[in-house]
Amino acid sequence: MKQRIIGFHLDEHGDWVADLACGHGQHVRHQPPLSVRVWATTEEGRQGRLGSELNCVRCDEEPRPA
């Protein structure tokens, strides 16, 4: 499920995590060739992504109400 990025924080290992509108977080590592996210390496790049969407795997995994 697509969710808006509302902020960022560093995890305990120093990796950037996107804070999503749903309340979940998602790592936004730049690890070519698996994930190319040069924007995650700078404050300006991260700020430029506020409001954009990422797919939240945790929301996808949660059971839907009947």
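None of the figures in this text is laboratory data; all of them are computed from the coordinates on show. The model shown is predicted, which means the values in this text are computed figures rather than measured ones. Cβ: placed from backbone, ideal geometry, glycine included. Neighbour counts: every protein chain shown.
If you run the Gaussian network model on the chain, springs between alpha carbon atoms under 10 Å, then out of 38, 17, 28 the most flexible one is 38. Pick from 54, 34, 20: which residue has the top mean-square fluctuation in a GNM of the chain where Cα pairs under 10 Å get a spring? Taking springs between Cα atoms under 10 Å, the residue moving most is 34. When the chain is treated as a Gaussian network with alpha carbon springs shorter than 10 Å, the biggest mean-square fluctuation among 29, 37, 46 belongs to 37.
Does the chain come out rounded, prolate or oblate by the C-alpha gyration tensor, with a ≥ b ≥ c the root eigenvalues, rounded set by a/c under 1.5 and, if not, prolate when a/b is larger than b/c and oblate if not?
Values: a/c = 1.95, a/b = 1.73, b/c = 1.13.
Because a/c hits 1.5 or more and a/b exceeds b/c, the chain counts as prolate.
Per-residue ellipticity at 222 nm for the chain, helices alone: DSSP H runs ≥ 4 residues times -39500 (n - 2.57), over residue total, nearest 500 deg cm²/dmol? Before the final figure, lay out each step's value.
Details: 2 runs with 11 residues, N = 66.
About -3500 deg cm²/dmol.
How much FRET efficiency would the formula 1/(1 + (r/R0)^6) give for residue 12 and residue 50, where r is the Cβ-Cβ distance and R0 is 25 Å, rounded to 0.05? After rounding to 0.05, the efficiency reads 0.65.
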